[in-house]
Structure formats: structure tokens, C-alpha cells
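Let me begin by presenting the structure, written as C-alpha cells, before commenting on it.
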Amino acid sequence: LHDALPICDFVDNTSHELKSPLTSILGFAQMLDEEEGLSPEKRKAYIGYILQDATRMMAVIENILLLQKDTPPKADDIIEIDLRQTAEEVRQSLLPQCQEHGIHIMVEGNLRLCAREQDMWDLLRNLMANAVHYGRQGGYVQVSLVNRELSVRDNGIGISSEHLPRIFEKFYRADAARKESAGGTGLGLSIVAGIVNRYGGSIHVDSTLGEGSCFTVFFPEESAEESA
Ligand code: ADP
């Protein structure tokens, strides 16, 4: 796992990720304030940009807070989780995006393990949301739960081998051009890697550009949390 960025890089990246939407918010707010006789269409468009960038800032901050919460779960919070049920709930939460892109999510198999519910939700939500987000129009997302293994497969845009080793780094995004069009913060997979580490597991990615990706998480036979 490619985890810890030096703190100065983290601060640099974070400031950049927050500063660019904020610069645009300030710019449009200033234009709303100063431009005389602004047409209702322009006014609506400017407000639209402000809302979009403010939403993006909110997403970055929420993800940073999630990274910050990267602490071992308290014994009290550990319960037996039915990952199949969590995957079904995540599937429900992604229905609007799935409908928009005609993507079908399938969930198969079963896996129960002792964990903090929020961790398993964040893990599945990030992997499944990525599979939809980087999926192809009319494509599929297949979630499989077999033995102690969880995999999320898609037939979307895939990741080139040059980017693959770096996708778990904080703020890393495979393609700068994609960044502009597809939104996202580049923090989702760092959050996933943090959770997997915390449960003593490992994560593996298979991906081919233009064909799709498969993220597989292995959970150890009995994690420290389970025996606690
Ligand atoms: P984000 O999706 O917010 O950019 P992530 O940390 O979740 O950030 O992912 C990092 C990068 O890995 C993404 O920008 C994308 O380029 C690539 N990626 C992640 N999941 C997939 C996937 N299922 N298919 C293709 N690319 C992916």
C-alpha cells in the first residue's frame, strides 16, 4: 500500500484542492456583485458554478475528516456485519448515479465479519462509487463476497499500468484531464487503504485501460478486532 505522504506534500495538496474551488467561488461572487445589468441566465449560471465548487470543497473536507478518523475502532463499536446487506444498502444509495449511466450493480455471495459498521460502509461505498463513476454507459458492477474475500469489478474505463501503483496515494488521480470532467477528490482509495490496513487485510487491483478494473480486498482469517 502506498500510504503516507510527507506532511508538507499533504498540506500542499490539501491547500491546492481547497484553494482552486474557493478561487472560483470568489470570482463568481465578485462578478455577481459587480456586473451591472446581469441577465437572469448569467446570474443563474454564476450561482450554479458557486454551488458546484462549494459542493466540491465540502466533499474534500468530508474526505479529509474521514482520513483523520483513521484510528483503531473501539471494542464497543465492533459488531458482526453482514457485508452482503451493507453492499445492498450501498447499491441503493448509488441508484441515482446508476440510472444516469445505465449501470447495473450485482451483488453475489456472502461474507460476515466483525468490524465497525461505518468502516465497512465507507469501504464498500468508496469502491462501488468508483466502479460506477469510472464505469461505462450501460455497463455493470459486480460485487462478490466469497470466503474472506470481497471484490468489486467493473467494465469501465480502467487504469493504465503507469498510474496503477499510485492510485492509493492521497489526492492522486489517474488522469489530469479526467479530473476536470469527472469530479472526485482523489482521497477515496486512501480511505479504503486505511480501513483495509486497520483490519489487517490487504488490497489488490487488476485493471486494463479501456476494459475495466477489479479491486479485491482480503480479510485475514481472524482479525485482531474479532478476537477482542
Ligand atoms: P477519486 O475517485 O475521488 O479521484 P480515488 O482515491 O477514489 O479518488 O481514486 C483515485 C484514482 O484512481 C481516480 O481518480 C481514478 O483515476 C482511479 N480509479 C479508482 N477507481 C477506479 C475504477 N473503478 N476504474 C477506473 N479508475 C479508477
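The values are calculated or read from the model by the stated rules, or taken from the named source; none is laboratory data. Just so it is clear, the model here is predicted, and its values are computed rather than measured. We place every Cβ from the backbone using ideal geometry, glycine too, and count neighbours over all the protein chains shown. To get the accessible areas, we keep the full protein, side chains included, count just its heavy atoms, and leave off ligands, DNA and RNA. Shrake-Rupley method; radii C 1.70, N 1.55, O 1.52, S 1.80 Å.
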Next on the checklist: As an exercise: evaluate N130 against (1) polar (S, T, N, Q); (2) within 11 Å of the ligand (Cβ to nearest atom); (3) closer than 20 Å to E80 by Cβ and give the number of the one condition it does not meet.
Outcome noted: (3)
Checklist entry - Do you know which of the residues in the range 179-189 that are near the ligand (Cβ under 6 Å from one of its atoms) and part of a helix (DSSP H, G or I) is modelled with the highest pLDDT? => result L189
Checklist entry - Filter the range 76-103 for residues that are modelled with pLDDT of 95 or more and part of a loop (DSSP other than H, G, I, E, B); which is least open to solvent (accessible area, probe 1.4 Å)? => result I103
Checklist outcome for this item: (1) over 17 Å from F219 (Cα atoms); (2) at pLDDT 95 or above; (3) small (G, A, S) all hold for G109 apart from (1)
Item to check | Pairs, first touching a residue at least 24 places away in the same chain (Cβ under 8 Å) and open to solvent by 40 Å² or more (accessible area, probe 1.4 Å) in the range 114-134, second within 8 Å of the ligand (Cβ to nearest atom) and assigned to a helix (DSSP H, G or I), C-beta under 8 Å, six or more apart | outcome: N130/G188; N130/L189; H133/A182; Y134/A182
Next on the checklist: Need the failing condition index for E17 against (1) in a helix (DSSP H, G or I); (2) more than 24 Å from A129 (Cα to Cα), just the number.
Outcome noted: (2)
Next on the checklist: Which residue is nearest to the ligand (Cβ to nearest atom), if the candidates are limited to the range 140-174 and must be open to solvent by 60 Å² or more (accessible area, probe 1.4 Å) and assigned to a loop (DSSP other than H, G, I, E, B)?
Outcome noted: I157
Checklist entry - From the set of residues in the range 191-215 that are near the ligand (Cβ under 10 Å from one of its atoms) and in contact with a Phe, Trp or Tyr (Cβ under 6 Å, 6 or more places away or on another chain), which is modelled with the lowest pLDDT? => result A193
Checklist outcome for this item: Filter the range 1-14 for residues that are assigned to a loop (DSSP other than H, G, I, E, B) and open to solvent by less than 80 Å² (accessible area, probe 1.4 Å); the one that is modelled with the highest pLDDT is P6
